[in-house]
Amino acid sequence: MFGLIRNNFYAVGSSLKWMVGSYLVIIVLSIISNMVFPAQRGLLLGAMGGIFGGICGLSSAISKDVKCKWNTYEIILPIRRSDVIKARYITILMYALISMFCVTTIVGVWNLLGSEIVAEEIGNIYTFGFMLMLVVPTSTFLLALKFGFDKNELFLMFTLGFSIVLYFSTFISGGKMQYDKTALNIGVCIISILVFVAAYCISIYVNNRKEF
Amino acid sequence: MEYTLEVNNLCKSYKKSTFKLDDISFVIPKGGVMGFVGKNGAGKSTVIRSILNIINKDSGEIKIFGKEMLDADKKMRNDIGVVFDFPTFYNELTAQQLDKVLADIYDYWNHDKFIELLLKYDLDIHKKINKYSSGMLLKLSLCVAMSHGAKFLILDEATSGLDPVVREEVLDAFLEFVEDENNTILMSSHISSDLEKIADYITFIDEGKIILTENKDTLIYEYGVAKIKQEDFDKLQATEYIASRIRGLHIEVLVMNKYEFSKCHPTLLVDNAMLDDILRLISKEER
């Protein structure tokens, strides 16, 4: 399975480079924007931009596999079908970790610059990013696996919209019920992990029965 | 006799298509080369995909090395090399990166052999796969299939995108591969001359059915095609020929034993049957 992860990383390699590059640009832009906007606002915009870019890059990299018919070839390799899915999800997790590392770097840079950073805002960014990174690529992949990778972009938009609506509706309804924001953030993280696990299990089920 | 591949009563149909595989049965003895011949859409690739578990069969039995291949049979997959008629590798990779990927996947990946084959076929190891031509992609697939110690090669139109010079080299490589009596090849191809060169057995498939499976030498040395006039054709009994086809003013007749046919009908001229002639004559459309 290590070979599959290696292949996946070669596959997402260029989008990963773009993501890290865009984070570097974001750092520079957010430093400039700090002169105009309050610090955490610039950070928020920058981090969000990076996360969105990363997710789009990852999702399009996943569909490239199918265009190359590597997913057909995987079936004849000496690996189990479930290993193919496992490798995909491990790649998504590693991608999410790298993305989180980039956001942390941005936070660190801001901290070094002596900008005012509100812990609650940072918590929100991490939660939102964590949710997007776990929910969007996995759900997009699952839908594409089941209904066809030619509709990948459509599924990406759908899951992205669904995740944003889910996130903000949780906070709006939670706020009305006067829940603590930390508790809501933890709730969102738990939901994201549950969606990730469910998408993984369903993907294995779908892939085991899929004809290529 | 020990068989590398046994396909028994294989059936496969699709919900949105009228095409189906209908009771496909054939075997390949260990050490043999089976040529799989048929028109476009005859079902060759569907059979190969069923053998490889890429698609799920409706019924029937497929045994490779004497047993059904399950998802967990990693060992068996190590022993099977496959070349499709389309590129299958992630095209952002270089051959060098592919080498590393496959070395982590196959138990007996032979790096030296892979590099040797890449050099033999003039493939740039540092070039991205998306910069390869279709012929180069096929050559790359062949290099991979022959670099992990496979004992059974499944080739789906593997030589179709190659120029005659490289095709000759590749066919020689296949012949070298089957010099080891433990190695077997299943090769589907439109190019009958390739099959005439290397195949031991030929299986004809048409509209999802096996029409004929025969030893290649029997086909070439015993089968024959007679071009006869209508009045001569009318005198023939149905058991004397396998298939017939009107061609201009003549009727082409495929016979199973040209010597016996000539004995019975000394005035009729019987030519050797080429694989293309046989395919043309036994295809349902042409009958």
Problem set entry | Label zone at B:ASN110, where the point sits 7 Å out along the Cα-to-Cβ direction: the stretch B:140-174 residues whose backbone N lies under 14 Å | B:143-153, B:173-174
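Assign unit charges at the C-beta atoms only (+1 for Lys and Arg, -1 for Asp and Glu), then state the dipole size of the protein assembly as shown relative to its Cα centre in Debye, rounded to the nearest 20. All intermediate terms of the calculation are to be shown ahead of the outcome.
On the way: 52 positive and 58 negative charges, 392 e Å.
In debye, rounded to 20, the protein assembly as shown gives about 1880.
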For this session: Express in whole angstrom the spacing between the alpha-carbon centres of the stretch B:239-287 and the stretch B:122-158.
Result: 39
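How high is the relative contact order of chain B? Use alpha-carbon pairs under 8 Å, at least six apart in sequence, and give a whole percent.
Relative contact order of chain B: 21 percent.
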Seminar exercise, completed: Here the FRET efficiency for B:LYS128 versus A:PHE52, based on Cβ atoms and R0 = 30 Å and rounded to 0.05, is 0.60
Seminar exercise, completed: Within 10 Å of the Cβ of an average residue in A:73-85, the count of other chain Cβ atoms is 6
Exercise. What is the stretch B:222-286's relative contact order, in percent, from Cα pairs under 8 angstrom and six or more apart in sequence?
Worked result: 42
For this session: Enumerate the calculated ³J(HN,Hα) couplings along the stretch B:84-100 in order (Karplus 6.51 cos²θ - 1.76 cosθ + 1.60, θ = phi - 60°), each rounded to whole Hz, writing x wherever the residue is Gly or Pro.
Result: 8, 8, 10, x, 10, 9, 4, 7, 7, 7, 9, 4, 5, 5, 4, 4, 5
For this session: Taking only protein heavy atoms into account and a 1.4 Å probe, give the accessible area per residue of the protein assembly as shown in Å².
Result: 46
Exercise. In terms of modelled amide H atoms, which long-range or inter-chain residues lie less than 5 Å from the amide H of B:LEU212?
Worked result: B:PHE204
For this session: Treating cross-link reach as a plain straight distance, find the aspartates and glutamates whose alpha-carbon is under 18 Å from the alpha-carbon of B:LYS12, omitting any fewer than eight places away in the same chain.
Result: A:GLU211, B:ASP22, B:ASP23, B:ASP58, B:GLU61, B:GLU68, B:ASP206, B:GLU207
Exercise. Which pairs, out of A:LYS86/B:LYS44; A:LYS64/B:LYS139; A:LYS64/B:LYS100; A:LYS69/B:LYS16; B:LYS15/B:LYS44, put more than 29 Å between their alpha-carbon atoms?
Worked result: A:LYS86/B:LYS44
Exercise. For chain A, what is the calculated [θ] at 222 nm in deg cm²/dmol (nearest 500), taking -39500 (n - 2.57) for each run of four or more DSSP H residues and dividing by its residue count?
Worked result: -30500 deg cm²/dmol
Problem set entry | Selection from A:LEU77, A:ILE26, A:ILE193, by position along the positive dipole direction of chain A (Cβ) | A:LEU77
Exercise. Taking 0.36 nm per residue of separation and subtracting the Cα-Cα distance, what length does fully extending B:ASN215 through B:PHE86 add?
Worked result: 43.5 nm
Problem set entry | At R0 = 41 Å, FRET efficiency that the Cβ-Cβ distance of B:THR18 and A:LYS181 yields, to 0.05 | 0.10
For this session: With both partners inside the protein assembly as shown, how many of the DSSP beta bridges are antiparallel, as a percent to the nearest 5?
Result: 65
For this session: With a 1.4 Å probe on protein heavy atoms only, work out how much accessible surface A and B bury together, total over both chains, in Å² to the nearest 100.
Result: 2800
Seminar exercise, completed: Partner lysines whose C-alpha sits under 21 Å from that of B:LYS229, ignoring same-chain residues fewer than 8 away, are B:LYS258, B:LYS263
For this session: Quick one: which residues, 5 or more positions from B:VAL82 or on another chain, have an amide H under 5 Å from its amide H? H modelled 1.01 Å from N in the peptide plane, none for Pro or chain starts.
Result: B:ILE154
Seminar exercise, completed: Order by accessible surface, 1.4 Å probe, largest leading, for residues B:PHE26, A:PHE2 comes to A:PHE2, B:PHE26
For this session: Return the ratio Rg/(2.2 N^0.38 Å) for the protein assembly as shown, where Rg is computed over Cα atoms only.
Result: 1.27
Exercise. Can you work out ³J(HN,Hα) from phi for every residue in the stretch A:88-96, in order, using Karplus 6.51 cos²θ - 1.76 cosθ + 1.60 and θ = phi - 60°, giving whole Hz and x for Gly and Pro?
Worked result: 4, 5, 5, 4, 4, 4, 5, 4, 4
Exercise. Accessible area of A:TYR167, 1.4 Å probe, to the nearest 10 Å²?
Worked result: 10
For this session: For B:LYS151, list the lysines whose Cα falls under 16 Å from its own Cα; do not include residues on the same chain fewer than 8 positions away.
Result: B:LYS30, B:LYS63, B:LYS67, B:LYS74, B:LYS75, B:LYS113
Exercise. What distance in nm separates the simple spin-label points at A:LEU29 and B:HIS250, each placed 7 Å from Cα in the Cβ direction?
Worked result: 7.6
Seminar exercise, completed: With x for Gly and Pro, the residue-by-residue ³J(HN,Hα) of the stretch A:82-87, computed from phi through the Karplus equation 6.51 cos²θ - 1.76 cosθ + 1.60 at θ = phi - 60° and given in whole Hz, is 5, 5, 4, 5, 4, 4
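How large is the translational diffusion coefficient of the stretch B:222-286 in µm² per second when you combine the Kirkwood radius over alpha carbon pairs with Stokes-Einstein at 25 °C and 0.890 mPa s? Intermediate results must be reported in sequence, preceding the final value.
On the way: Rh = 11.6 Å.
Here the translational diffusion coefficient equals 212 µm²/s.
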Seminar exercise, completed: With all protein chains in place and a 1.4 Å probe, B:ASP234 shows an accessible area in Å² (nearest 10) of 100
Problem set entry | Area projected by the alpha carbon convex hull of the stretch B:3-213, averaged over all directions, nm² | 11.3
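The values are calculated or read from the model by the stated rules, or taken from the named source; none is laboratory data. On a predicted model such as this, the values are computed, not experimentally measured, just so you know. Cβ sites come from the backbone with ideal geometry, for glycine too, and all protein chains shown count toward neighbours. Note: accessible area is taken over every heavy atom of the protein model, side chains too, but ligands, DNA and RNA are not part of it. Shrake-Rupley method; radii C 1.70, N 1.55, O 1.52, S 1.80 Å.
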